[in-house]
Amino acid sequence: MELQDKHSADADSSQEEVEFNWEEYLEETGSIAAPHSFFKHVDTSLQNGLAPGMKLEVPLRTDPQFYWVARIITTCGKLLLLRYAGCGEDRSADFWCDIVTSDLHPIGWAQQNGKTLKPPDGVKEKLDNWEEFLEKTLTGACSAPAHLLEGPHRGKEPMDLFGPDSRLELQHSQGSLAAWPVRILENIGGRLRLQYEGAPDHASLHLFYLHPLLHHIGWAEQHGYEIRPPGAISHLMSDGEWKEIVATHGKDNGDCVPAEFFQEQPLIPTHSFSVGMKLEAVDPTDPSYITPATITKVFDERYFLVELDDLRPEGSRTCRNMVCHKNSHGLLPVGWSLKLGVSVHPPPGYSQENFDWDVYLSQVEAEAAPESCFPVPQSTQVFQERMKLEAVNPFQPQDICIASINRVNTPYVWLQFEGTKAPVPECIVHIESMDIFPMGWCESNGHSLCTPPHAQAKPQKKTVVPQTEKQNTSAKTVNGLNKTDSTTCNTNSNGKYMCPKIYFNHRCFSGPYLNKGRIAELPKSVGPGSCVLVLKEVLSLLINAAYKPSRVLRELELQEEPSWPQHAETLKAKYKGKTYRATVELVRTSDRVPEFCRKTCIRLECCPNLFGPLMVLDTCSENCSVLTKTKYTHYYGKRRGRNLSNPAGILRSIEAALKKPAKKRKRRKQFFVHKKKHSSTSVDNTPAGSPQGSGDEEEDDGEEDSPSEESIQQEGSEISGKGSGSTSPTRSEHSFAENEKKRKPWISDTDKRVIAKDIRIELTEPLTLDSNPLDWSVDDVMHYIKSTDCAHLAKLFQEQEIDGKALLLLTLPAIQDCMELKLATAIKLCYHIERVKLAFYQTISS
């Protein structure tokens, strides 16, 4: 027997050493993963407890002794984007605050502490009666939780409050409405391993931290319930010893989870059940079937006791009961199973061959609970058959296994577990259960996952291998360098493959490719977990936060053969309805993660600290906040060698674009658009805060062209597509015709007609510059735009922080994409920008 157990243990250990690859498994089984959005408790665990719309009191930035109400606009980890009450939709005065270092308080704090609420000057001017406005604002306001803004738990995420050795009260799930203190032994991604106080040798419990049976210390006394040990441990000590533990537990409150956290939990609704009512219930100890049950006791307006029916003689019955409330999972009205074609498991001692509710109710002389007693399913989650997820094994709660959905009858699904140590029957689980998780949850949180043996390693083809080659292969496998294994290394068996948390420091400079607003909406961190999985997720989030995801994907694309084949991963980007793919090289060991993050940031021309294993709290070590977009690109970007002060090549290109073409078209517009040519004398025409390089023709044609081949010119009323990579200002008619055949027109015939009909741009006198545009600030650019017929767009330039250098880099495609303008408006704006460019180049050259 011992030998058999040893073999089983060896098998289990070898099973854990081989990493499971979800994507490959889904492909092999022809199934799909359940969407992450279906798991509400997991989404809640990733939030910091502060949500947009909540209000709080903050000191005035100009006079900190006075306070005013502010509203949360955006949250990013420990950073909050706030807007003073009274500003309406004006975001010009929005400001960021750090929860840990800033003086932030919940609504009502100022009045309780003798502080004065006074609006800032900008807000006071907008309000006729600010006292009346303040009263309306505070009426029914949703205040930010006090424990997240003040005290020892300030800045902590709610899930982090449940640290090891913290104490809670666990409500009894059986027998009586009582509670007993428990201590947290471990917190893995919000899944708690709990130990009853006074029973260190008893098996630990596993519950998600949002479970409704968990309460703060003092909950039972506050509601008039008993504090007594559950039946599973009550025999371990005498009543006197248990009372001593209760007395000690009531005095020490230093390591308790704060009660304020539980105030935000949903309230238990009142019920309308009465003693003797019959219903259908899922057996909590064996959720593989539905059985008749009875309401045997009503504790109060919220809680009642449900006992599974047992018709055997009194001495041989097994008492199986559970403390429930109206929203408890597993309670169903009589006849629910029959309507859906699900069989009801007859209670023990039932004499009939087939169970029939009408016959059964008449035999036991009872009535069925009305359907109005049960909650109406309101979940929008639509699970589908063959979806895969990760779920707690109800027979071994310490294990999380792969599970497949075999049947869906909202609000329940039937799960078939895979990879369990012993066979597990098909189980019935509520779709809002906190014992189910999305694909990759275990990997992301460092929790072991039980997987089927055939899914852990693909069978190798049988080939004849020389003995020496076998030895070399074995040696490579031991050192983790097996090139035939395309899966990632096991994070559970070797910590060097465990990636630390990767933080998104959105206050750092976001560069020309990434949208600063989208970066601020990303989660504060990703990980820890497998280096490959974490870094893939980080890069995927960055790609989705780009102005042009396909452009960022190209920047990250691997240009050479990877150092190791298993270091190459495929990433995707979606842009304008098309999907792009590229191979990216990732690192697989934790010691190389900081260098990888820094180099990737530099490739994307953003601050080297924008994302990485270090969190930037106050000031960035690169001091990137004082640099404008163009200045930053000059120091960190790939184009630092470009010289803006030598416009000879640019001037020739513009003059060539203004000349009449050899074959003049009938329709001509007196405006031009010049797109950058990548040459040693050309200016990088990429706008600040927008993707560089590729124009719209890349996405429209679905081609991945080299940036050196991109140039566009306006000839008459038609704008050409890709041009030659030549730096010469003219081209032969032959080469022009060849390129004309290869490209797709960038503007459709319909757009041409719109341009010809709606746009009227008349050439005015040449623009005279009083100062060098290279020295223009953002305000100078706004002043110039306001002087044109595009004055209504000046605010966009302020929001994008476009200074003089960035203005000279703007092109028509970039204006359309980054400012989301219609073609006609974008062309008018581009005309005024080109006037500045031409005046600048002519002035410098003369």
Short version: ³J(HN,Hα) in whole Hz for each residue of region 394-401, in order, from phi by Karplus 6.51 cos²θ - 1.76 cosθ + 1.60 (θ = phi - 60°), x for Gly and Pro, what are they?
x, 8, 9, x, 6, 9, 10, 10
From the cross-link list Lys278/Lys339; Lys156/Lys388; Lys126/Lys156, the entries with a Cα-Cα span beyond 24 Å are Lys156/Lys388; Lys126/Lys156
Longer than 26 Å from Cα to Cα, which of Lys78/Lys576; Lys40/Lys524; Lys118/Lys524; Lys548/Lys805 are they? Say none if no pair is.
Lys78/Lys576; Lys118/Lys524
Fraction of accessible area attributable to carbon and sulfur, region 85-133 (%, probe 1.4 Å):
44 percent
Amide H of Thr74 versus every other amide H placed in the peptide plane: which residues, excluding those fewer than 5 positions away on the same chain, fall under 5 Å?
Leu81
If amide H atoms are built 1.01 Å from N in the plane of the peptide, which residues on other chains or at least 5 residues away come under 5 Å of the amide H of Asn409?
Trp414
To the nearest 0.05, what FRET efficiency results for Asp160 and Leu267 with a Förster distance of 25 Å applied to their C-beta separation?
0.55
Given the whole protein assembly as supplied and a 1.4 Å probe, what does the accessible area of Ile245 come to in Å², nearest 10?
40 Å²
Taking only C-alpha pairs under 8 Å that are 6+ residues apart, what is the relative contact order of region 363-407 in percent?
31 percent
For region 297-436, what is the accessible area per residue in Å² when the probe is 1.4 Å?
51 Å²
Write down the accessible area per residue of region 160-293 in Å², having rolled a 1.4 Å probe over the full set of protein chains.
45 Å²
Determine the share of region 241-394's accessible area contributed by carbon and sulfur atoms, expressed in whole percent, with a 1.4 angstrom probe.
50 percent
Please report the relative contact order for region 34-86, taking Cα pairs under 8 Å with a sequence separation of at least 6, and give it as a percent rounded to a whole number.
26 percent
Between the modelled labels at His202 and Thr318 (7 Å from Cα along Cα→Cβ) the distance in nm is 2.1 nm
Tell me, in nm to one decimal, what length is gained between Leu774 and Leu617 on full extension, where the rule is 0.36 nm per residue of separation less the Cα-Cα distance?
53.3 nm
Net lengthening on full extension, Arg61/Asn409 (0.36 nm per residue, minus Cα-Cα)
119.7 nm
Once both label points are put 7 Å beyond Cα along the C-beta direction, the Thr116-Glu221 separation in nm becomes 4.3 nm
Keeping all protein chains in place and using 1.4 angstrom, which order do Phe355, Phe383 fall into by accessible surface area, from largest down?
Phe355, Phe383
In Å², rounded to a whole number, the accessible area per residue of region 519-611 with probe 1.4 Å is 41 Å²
What is the spin-label model distance, in nm, from Arg91 to Asp286 if the labels are put 7 Å beyond Cα along the C-beta direction?
5.8 nm
Phi-based couplings in Hz for region 382-390 (Karplus 6.51, -1.76, 1.60; Gly and Pro marked x):
10, 5, 10, 4, 6, 6, 10, 7, 10
Quick shape check on region 278-365: root eigenvalues a ≥ b ≥ c of the Cα gyration tensor, a/c under 1.5 is rounded, otherwise prolate if a/b tops b/c, else oblate, and it reads oblate
Per-residue HN-Hα couplings for region 226-242, Karplus 6.51 cos²θ - 1.76 cosθ + 1.60 at θ = phi - 60°, whole Hz, x for Gly and Pro?
6, 10, 8, x, x, x, 5, 10, 4, 7, 6, 9, 7, 4, x, 5, 5
Pull up all non-local amide H partners of Met439: gap of 5 or more, or a different chain, and H-to-H distance under 5 Å with H placed in the peptide plane.
Ala34, Glu390
Please identify the GluC sites (Glu not before Pro) of region 337-406 that satisfy two criteria: DSSP loop assignment and at most 16 other Cβ atoms within 10 Å. Which are they?
Glu353, Glu365, Glu367, Glu385
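The values are calculated or read from the model by the stated rules, or taken from the named source; none is laboratory data. Keep in mind it's a predicted model, so treat the numbers as computed, not measured. Because the Cβ atoms are built from the backbone with ideal geometry, glycine has one as well, and the counts that use them run over all protein chains shown. Ligands, DNA and RNA are excluded from the accessible area calculation, which covers all protein heavy atoms including side chains. Shrake-Rupley method; radii C 1.70, N 1.55, O 1.52, S 1.80 Å.
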